[in-house]
Structures are given as structure tokens and as C-alpha cells.
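Enquirer: Pasting a structure here, questions to come.
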Amino acid sequence: MDRSLALSQEGQGSRWIRGLKELCSNPLTLSGLIVVGLLVFTAIFAPALAPYDPQKIDTFHILEPPSAAHWLGTDGLGRDCLSRLLFGARISLLVGFVAVGIATGVGTVLGAIAGYYGRWVDGLIMRFVDIMLCFPTIFLIMAVIAFLEPSIWNIMIVIGLTGWMGVARLVRAEFLSLKKRDFVLAARISGASDMEIVFKEILPNAIAPILVSATLGVGGAILTESALSFLGIGVQPPTPSWGNMLTEGKDNLEIAWWLSVFPGLAILITVLGYNLLGEGLRDFFDPRKKR
Amino acid sequence: MGFLTFLLKRLLGLVPTFFGITLISFFVMHLAPGEPMSLQADFNPKMTPEMRQRLRAQYGLDKPLYVQYAKWVKGLLHLDLGRSFSPDRRKVWDKIKERLPVTILINVLSMVLILVVAIPLGVRAAVKQNSLFDQVTTVLVFLAYAAPAFWVALLLMLFFGIELNILPVSGLHSLMGYEQMSFWQKVLDWARHLVLPVFVSAIGGLAGFSRYTRSSMLEVLRQDYVTTARAKGLPERVVIYRHALRNALLPLITILGLSIPGLIGGSVIFESIFAIPGVGQLMWSAVMARDYPVLMGNLVIVAVLTLLGNLLADIGYAAVDPRIRTGLQTEE
Amino acid sequence: MSERVFRSGRRFLQLFILLSGLVVWSLCQCPNGWAAGQEKPAYGDAIVVGSIGDASNLIPMLATDATSHEIAGLIYNGLVKYDKDLNLVGDLAESWEIKQGGKEIIFHLKRGVKWQDGVPFTSKDVLFGFKTIIDPKTPTAYAGDFLEVERADAPDPYTFRVVYKEPFAPALSSWGDIVVLPEHLLKGKDITKSPLARHPVGLGPYKFRLWKTQERIELDANPDYFDGRPYLDRYIMRIIPDPATMFMELKAGGLDWMGLSPIQYKRQTDTPFFKKNFKKYKYLSFSYTYLGYNLRHPFFKDKRVRQAISYAIDKKEIIRGVLLGLGVVATGPYKPDAWFYNPNVKRYPYDPEKAKSLLASCGWKDTDGDGILDKDGRRFSFTVLTNQGNSLRDKTAQIIQYRLKQIGIEMKIRQLEWTAFINDFIDKRRFEAVILGWTLGQDPDIYDIWHSSKTGPKQLNFIGYKNKEVDRLLVLGRRTFDKEKRKEIYFKIQEILAEDQPYTFLYVPMALPIIHARFHGIHPAPAGISYNFIRWWVPKNEQKYILP
């Protein structure tokens, strides 16, 4: 039986607590959850946590190693690296969430339409998915960003619009199997419209795999932003993103290790955190899991 | 339905996909602002508007978009990808041809490395689900995935190339004395140069494949025939490696086909870092210079490779599992 | 390579143009390029040079990128060239006569010069090159100067004569290495499809050996070079797109010569290892960087506003923070060591109070207390455009942004990819301000950038600068041959530009080449270091690469 259905018979509150407890019983998932939690906390409270204005330039103190005044040193324009790292968390979080939100939204809608209506609609959409899957995504992103303005919004939108194919396939598969189930048939007999069936009956039951793929996708989006920064078309200065900080740091790797090591670690830990959490969710939602 | 009919049907099915790809790439590119002009010429005081107009006409950019596309498709049907817009005006195919082998070599090597490492890891992790081994490898492969490739590349270069000074920093082979080397010396020389690029392009893929193997293996291990094999008293090794693994690896074929574009896309990063003259760099510079013919040519080549990969995966699948041929396949 | 301005960015070409048709690569005329009394130079060894971008086309008139011109400069020669002190001297021309008040030039060519395939070089090759460059079918960016020519002919194999429509002061210098082509290999053929683009045949000190796209280009010494065989047997240019990789390759011994970034020069190359193995050089590059205003924009019409911004920008801070002191303040469109540079123009030292009061006198005040000045309900907020991939310009923009904010001006930065930048913003005048640079020629003529007739679409006076007096002087400067008179004319132009501040001139950066210590014979001069490249040599016992 479907897991979420089984759970829905319990009270809302206790269901959440029990689920959370079970999720946290895996140390890897727990650490993923902690990392993501810390990131959200940092992003929200960055202005309060940062010791300096992240944009404050001081050309008399450029490339200074970590010290009591600047815990993580200063960058090529004398700005405080810690403050920039904290504010960078906002950008990373934003890029991850918005890009994945777009990908998930587009993928879910197209996947649901394809799966629900089947036949030529399905054929058309899946052909489009096949086409999109044949593009090296990074080149599509590069092309569009290089042609448009590499503003943070464009970057998020393009990453999102090139990353929805997996979600679409996933949702379609779920819909194909769910639409033949008894509760859908029951709803149909009782006169529910297509929209009601899709959104009220099927989608809630397909939410688990979507959530898992979205969680895993956030890490990917953060990495894509850093790759774009390396190519010079990522989030543009003076807005600090971990990707552009890392890129600035790479040219000074030998004399200013702090410039690339800290943003590098920040990306590493965050992406790792999202993946561990995603894997944990996958196991958690796996209906065939051993009890 | 015979196998041949199946194959034919599949092949025909690729045609609209293929033209869909060219259509989308063509219009995405041309809708973007900016025009292909040899970079500095644009801003050159000696460049009169008439000369510019002449260049546009030479490139065929003065015609409507659909005419340009029709012309391009016509060329393609004659296997002609056109000429580059860059000042050298070389044939696009010549430009791609000299770069493709290196990119394919590195990607194949890194693919082999991924499979050789990821499959055993995934199998063991599945067999010993939730063990310490499972958890440690999970963290390790995700760490490898989570590290930005260019950063890892530079750290490795710094360590092996400068600190230890045992591997070359960049390039494909030694500069001097290479021509005098014997065949095996050349192979060794290439190998030394390729260790880091192959490693860097592989580590990102480890996570995906090992996790995929793991979950696919878990799935198979739950199947009846595995239980049966176990019940028959076959040794665990035989059960896992002979019965389970073979079936668990089948879905991996599909993933392999689909990972081609991603791998070639990733090439732009490590090719640029390691100064390797491959397709990734060609594509990147074509994007920057608005070299439409080269860009289109590259996308076509990647699409063809991917479609071929998918087709091979399909054929492999069909050969193993006859149900697919008869069109029973409903999911993915 | 004297033009090897450091490019800390990606594989973008430098945002500069070549103002003069003559590429700055110039080779020493005298075979005694090394100081007297030193040991005798030896032949042999090779030099490995690092470049961020690959060459595009080795026929000089078809290429516009710096790398192509660097390589082509070693393979081709012009009729004239600049010597180490930037004087125009003969190269393939033995001598020349200027007649009809500057309208006619007669070149007398050197005899016995041969193309690298053994065919003798004659005036027909020059005439052929000239006809090719003005041929509308040739996609060249350098035809402009040659369109001033009324007629040209080759009365005998060693005489080339050219007559201009009007006296044209930059005429002589335009006969550099982009215009001489081997007629016997190109006649009657489509130059855009010529194999010479990838396998050039020239008559210069080096012969083409091989070109592996995006990997390396190799040249061999030309034993029959008319000015004496170069000492170094081979020249190898390696293409390494990433600046961090390039520096590591230098350290690992894979490169002999590259351009350093200011940080690499100041902070990364003072170790014992570098002191033992390398020599660093620094000299002012032939370029300047500026903040240019769109003078059609209501904010920037008033020169007091432009002056105020110039006062609000601390140029010394930019030089300290971005160039690490390796550059000088620019005061006008020329570099300070040029003979036509006027050191006494109006300067704009950092003075935010003066900037504020100037702005206030134009009506810019912060009436709503949001920290940004406003006037008639409009906030003083504008966007500056610059090109992607140039980290020096990027940092410069960030410093300016920070300083302007302190006097109540909001400046947004937008980085654009080069072709989109030019086509959609500069050419269509859709910009408020830009940070860009110009490469400087050896001739003071800057007609194309500042004359009011050049403000049309796609022309170079894209900021829309119009000044009748400057117009008059620019024309006069082109028609005047007397050096002292020209100097006076261009001094006056610099004074007007300094007062008008159509640009805020920012800095002239330094070129910072580093070269392996085994190379001898390098003598920095006003022209840079590469003018005598063919006289560089390595003592026998220090030679690293033994060629078969």
C-alpha cells in the first residue's frame, strides 16, 4: 500500500513528528538536515551575523590572511571574506530553490499532462523531453546566458528551464501507474473533473519522488552556478556568490588559499548536505523498504 | 514484429527528434542579441559600415531566418556543416574532426573509470545495505560529486604538478622530444598527461552511477529468482555476481546513453583548465564568438552521439528482453 | 608581445583596437642588439610562450586578434617598422622619399630578400597586398588608411610608389607588415580560402612549422632571413586558456615567457625559485582604460557633472587596489611617455567634497534623504557597462561603484559578453556609461575616436563627443607633417579633453612579462622588450631544448 495513504489515517501532528524521528534515525540524513538547516539560518540572518559590510572596499588591506579582525581573511579588493561568505549563502540558497522550483514546476506539469492524457499528448511531450535530453545542458545554459544578461534571475531561470526533464519523466511514470488505481477511478465515477483528479487525487500521491528529486536538484543547481562562474557567466560581482568567490580565489590559490578554500568547502558541504538529505528522503519514502 | 522492423521503427523515430534538436538550437541561437563578427573588427576604426554589410552578406546573415535554416538543413543533407564564421573560415567539420578524438578518448576513459569503481561500490553497498561501508561510500561519492570540478583540478595540479612534481600540469603530451619517442614511450607520455583530466572528469559521475547500481541491485535482490537461487543453496557470491548483478546492470545501459551530453558538456571545464584542445573548448569559443555554424555543427554531433547511444541501449535492451520489441514498454 | 597586456580574464580578446595599422611587433634593425663587450651569442634552444587565446588566421590583414598578430609578426615584415625608440625606420624598404608636400611616397625596397619558398620579394608583392586590402571582397578591418590612397604603382621591381588624395600624416606608418603578401601564392585566388591562413609563407625571421589548433603553434628560425638568422632555433606558443593553469605551468617549467597579472608580479614571483630562474620586466603598456559617458544622456550633458565624477573617483586607489601600483594615472588619451603627451593638462585629484559641491551647483541634491542625489524628482542612478572576463576592469568598476555611492550616486555594473556589448549597446547607443580601453598606436592621430563626424551608427565616437575646436585640430593634425607643429596641435587637444572630461581617464596599466633567466640579450626600451627578439640567445651550456 502506498505509504502516504497509510500515514494519512493518523493525526497530522503525530504523523509529522513520527516521520521526522524516523528520518533523523539515519545519521547521514540527520547531518544533511543539519547542513540545510544551518544554511537557511545563515541566509536569513546574514546581515546580523556578518561582521562587516560585504561590499566595503579597502585597498590598503587586500589579500590579507585570516586574522582576529578578518576571520577568513580579505579578498582582492580588501573586502571581508567571512561577510561575503555569509551573504553568499543567500545567493546559493536562492539559486538552488528558484532554479529547482522552476524545474520541478515545469517538469511536474508536463509530466502530469503526459501521464494523465497519454496517447499523442504523451507522445509529443516525451518527444520534446527526448530532444531536450540530447542537448549538453551546460551549453544550452552557456548559450542563453552569454546571449542574455548574466543576471542572477536569468541564471536561475535558465538552470531551471534546462533541468526539468528528469522530473517530467518521473511524474509521468507515477501518473501512468496511479491513474489506473481504484481511488482515481472512484473519483472519476463520482464526477470529478480532470483538474480535480490531477491535483487532488493523483498529485498528492506522487509528491514523494518529486520532493526527493527536488532536494537532489538543489545541489546540482549550486554546482552549475559555480561552473558558470568559472566560465565568467555566473552571478555577477559585486553580489557575492560562492561560485564567483571560488573563481576569484582560484587565480590566487598559492598566495591566498583562504580565498578559494572557504567558498570551496561551503559549496562542498552544502551540496553534500542536500544530497544526503535527498537520499535519506528517498529511503524514507521507499514503499518497499524493509521495516 | 521482427527485430528488423523494430530497428527500422526506432531509426525512423529518431529523425523527427533529430530535426527538433536542430530547429531548437538554430532558433535559440539566432534569437539572441549580438552578431557574429570577428571580435575586435567590430570596434575597429578602419571598419566602415559598407565593409560590415559585405561581411554580413558573405555570412548569409542578411537573409530571413527561415531561409538561413533551410540552407543549413540543405547542407546537412549533403553532410556539409558549412564554414566557420571566424576569420579562418575553415570548414566546420574540419574544426570538429581535429578535436573530437581527444574529447571522446577522455570521456571514454573516464566512463570506464566510473564504471570500474562505481559498480563494485554500488553492489557492495547494496549487499551490505545500511552498514558502515554503505554509509562511508555514500558520503565519499557524494563528496566527490559536491566538489566543483575546476577547484579540484587546480588543487590536484598544485599538489601533483608543483609540490610533488611527478605529473605534468597541462597539455596532452610533452612538447620537446615527443617525436623521437617510441610508441610505448608516447603512450606512457599521454597517460601521464591524462591521469588528472580523466580523474577530474570521472569523480563527478561516481555518485550517480554507484547510487544507481545500489538501488537497482537492491531492487533485484528482492526479486523471487534471487530468493530461489539462495534457497537452492548457491554460494552468495554466485547469487550476487552471476544472477543478480546481470539484471541489475540492465537499466544502467540506458543511463549510459543518456549521460553522453552531460559528459561532453562537462568537457568545457576540464579542457579549459588542463589546456586540452577538445570539443568543449571549441564549443565555448563558438558561443562567445557567435560562430553559428560551428555551434550548430557541435550540437548536431553531440545529438547524433546521444541518439546513437540511446539507440544502442534500446537494441541492447531489446536483444535481452523480447517484450520490448513487441511494444509492451510503457514506462520510460 | 610588447602588446602582451596582462589579461586576467578568460579567453576573451582584449577589448582594445589597433589604432594604427602597423602592428607593434618590431624587430631590431641593427644586428648589434646586445651590449658590446659581452660574450658572443650562441645559436640554438627554443622559447615556449604562453597565450590565453589561439590565433585565428595567420594572414595578417584578415586577423584582428592579438595572438594572430604576434605570430604573423614573426613571419611577415612590412616596408617600415618602429625601432626600439619608436622611430619609424625601414624594414623591407631601404629608404623612401616623400614628395608633393606629403602626398606622394616612393619606397626603395631592399634587394635580395626572398620569400620563405625561395621566390624573390619585389614591389609587385607590395602592390598586390595593397590591391588585396582595398578589394571590397577582402574581409579586412584595416582597409581604412589605404582608402586614402589615390593610386599606387610599381615602376620597377624595387620601387613602390603611392600617391594620396590629400596629405596624410599617418600614411608612412601604415605600410607595416599587414600589407605585404606573396603575390605568387595568392594571385587569382580567394584569399579567404587560402591555405596560407594556416600555413603562412612569409619573409620574416621565423618560418611556420606547425599549428595544432587550440594547443600550440611552432615556428622555426629562418636561416636565410635578410637581417640575419635569429639565434633561437624555435618559437613555440602554447595556448593555455586558464590564467591559473598558465602560471602553474610556468612554475613547473613548461613555459619560458608569459604576461603576469599584477598580483602574480607583486606577490607570487618574489620567491627564491623565481629569482633564480626567471627575470621580470615592467613597462607601460600601449593602452589606457577609461570611464566613458554617453553625452546624449541628460545626466552627463553638463560637463560639471562629469568633472564631479572625475573628482569622486580615486584613481590612485584603483591603481593601488587593482594594479597593485603597476600602472600610472591616465590624464588623457595618450600614455605619459609618448612624445605627444601633454603633462600639464587639468587634473582631477580625489576630492569628494568638491565633487559634491559641483553636483550641488548643477542642482543635484539629496532632497528625500535616501542617500542618493536627486533633481526634478529623478534619482542619480545609472548603469555602467563593461566586458566580461576582464578581472581588472571588473575590479575597477567595483571600486568606482563604491566611491560614487559615497557622494550619493548609484552606479550599477553590468558585464556583457563582447559581441552583444558592441552590437546591441555601443552601436545602438543604448548605454549610459562604459568602462573600456583603447590600444594606442605610435601616431597621435585619434580622429576616428573624437571627431564629431564619427558619431554615426557603428562609429567610434560612440559617446557622441562634439567640439568644433577639437574637430578643427584633429583635421589639422592629420595634414601636418612637422613634428613640433603636430605636437602643439595634439597638446591643445589634450587640454580641451581634460577640461571637458568626456571620459574620466583612469589608468595606463603596465605590461608585466616574465621570461626565463637563460635568455640573454633582452634590453627594455620605449618599444617594450620584443623589438629585438631575434637577437635573444641562450649560452650553449644553459640551453634547455636541443633540437634534432
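Nothing in this text is a laboratory measurement; each read-out follows from the coordinates by a stated rule. Predicted, not measured: the structure shown is a model, and the values here were computed from it. Cβ placement follows ideal geometry from the backbone for every residue including glycine, while neighbour counts extend to all protein chains displayed.
Enquirer: Can you list the trypsin sites (Lys or Arg not before Pro) in the stretch B:206-268 that are in a DSSP coil and have 13 or fewer other beta carbons within 10 angstrom?
Expert: B:ARG222, B:LYS232
Enquirer: What's the center-to-center distance, using Cα atoms, between the stretch C:314-336 and the stretch A:10-77 in Å?
Expert: When both Cα centres are located, 39 Å separates them.
Enquirer: Something else: Check cross-link reach from A:LYS21 to the lysines: straight Cα distance under 25 Å, and skip same-chain residues fewer than eight apart.
Expert: By straight Cα distance, A:LYS21 reaches A:LYS289, A:LYS290, B:LYS128.
Enquirer: Any of C:LYS303/C:LYS346; C:LYS275/C:LYS540; C:LYS207/C:LYS276; C:LYS315/C:LYS346; C:LYS315/C:LYS454; B:LYS63/C:LYS454 with alpha carbons more than 24 Å apart? Name them for me.
Expert: C:LYS207/C:LYS276; C:LYS315/C:LYS454; B:LYS63/C:LYS454
Enquirer: Which aspartates and glutamates have a Cα less than 15 Å from the Cα of B:LYS97, not counting those fewer than 8 places away in the same chain?
Expert: B:ASP80, C:GLU215
Enquirer: Next up: How high is the relative contact order of chain C, in percent, with contacts defined as C-alpha pairs under 8 Å that are six or more residues apart?
Expert: Value for chain C: 24 percent.
Enquirer: In percent, how large is the relative contact order of the stretch C:287-510, given Cα pairs closer than 8 Å and 6 or more residues apart?
Expert: 35 percent
Enquirer: Here's a follow-up. Of the peptides A:261-272, B:274-285, how do they stack up when ordered by the mean number of other Cβ atoms within 10 Å, highest first?
Expert: With the highest mean Cβ count within 10 Å placed first, the list reads B:274-285, A:261-272.
Enquirer: Quickly estimate the mean residue ellipticity at 222 nm for the protein assembly as shown, helices only: each DSSP H run with n ≥ 4 gives -39500 (n - 2.57), and the total goes over all residues, rounded to 500.
Expert: Computed ellipticity for the protein assembly as shown at 222 nm equals -15000 deg cm²/dmol.
Enquirer: Something else: Enter the Cα centre distance for the pair the stretch A:82-113 and the stretch C:424-494, rounded to the nearest angstrom.
Expert: Result: 48 Å between the Cα centres.
Enquirer: A further question on this structure: If the reach is capped at under 17 angstrom between alpha carbons, list the lysines near C:LYS165, excluding any in the same chain fewer than eight residues apart.
Expert: C:LYS165 reaches C:LYS99, C:LYS103, C:LYS131.
Enquirer: Shifting gears a bit: B:THR227 versus C:VAL119, label points 7 Å from Cα toward the beta carbon: distance in nm?
Expert: My value for the distance between the label points is 8.5 nm.
Enquirer: Once you keep just the Cα pairs under 8 angstrom separated by 6 or more residues, what percentage relative contact order results for the stretch B:134-225?
Expert: In percent, rounded to a whole number, it is 40.
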